[in-house]
Every structure is written in structure tokens, then in C-alpha cells.
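Read the structure below first, then the notes.
The values are calculated or read from the model by the stated rules, or taken from the named source; none is laboratory data. Since this is a predicted model, take the numbers as computed values, not measurements. Note: ideal-geometry Cβ built from the backbone for every residue, glycine included; neighbour counts use all protein chains shown.
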């Protein structure tokens with residue numbers, strides 16, 4: 001497991017800033033990143049959405065809480081159609 005996850009812990013900011021496609025980053029309010037890390041991770045041109053009342057496993061909580069897919073959050077952020 002450690003060998004598999006080791007490469008994830010290496011910063012890839014230089015690669016991220018070269019991405020030209022629109023990028024969406026979702027953060028859970030109760031997740032593992034503090035505000036400083038969130039700001040440092042998000043690069044220019046990235047759409048950031050913070051999911052209120054969500055924890056580290058927000059991708060699993062969506063089913064338990066009955067949240068709708070991202071389109072709802074995007075509309076709430078004024079970015080969706």
C-alpha cells in the first residue's frame with residue numbers, strides 16, 4: 001500500500017499549471033486540507049467548490065445524505081447551466 005501511494009505525496013504543481021482544460025476542485029468543509037493548503041493547491045483558472053457539512057469521504061457521503069451531483073453545486077456557485 002505504501003509503495004502505491006508514495007507517488008501521490010510528491011507535489012505536482014508544475015504539471016498542474018500546464019493543464020489548459022477547465023479544472024474543478026471539490027473540497028469538503030471537514031476534509032483533511034486546511035485553508036492554506038487549499039489555496040496553495042488551486043491554480044489560476046481552477047473552479048473551486050467547498051462542500052459544506054462534508055467530511056473527508058464526501059464522495060461516499062453523497063449517497064447517504066441524498067446530495068445531487070456536482071451540477072447543483074456548480075449552479076449554486078454561479079458557474080453551471
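Some values worked out for this structure:
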{"item": "Residues that are at pLDDT below 85, farther than 20 Å from residue 9 by Cβ and outside any strand (DSSP E or B), drawn from the stretch 20-58", "result": "20, 21, 22, 44, 45, 58"}
{"item": "Pairs where the first residue, in the stretch 6-31, is in contact (Cβ under 8 Å) with a residue 12 or more places away in the chain and at negative phi and the second is exposed (fewer than 10 other Cβ atoms within 10 Å of the Cβ) and not in a strand (DSSP E or B), C-beta under 9 Å, 6+ apart", "result": "17/44"}
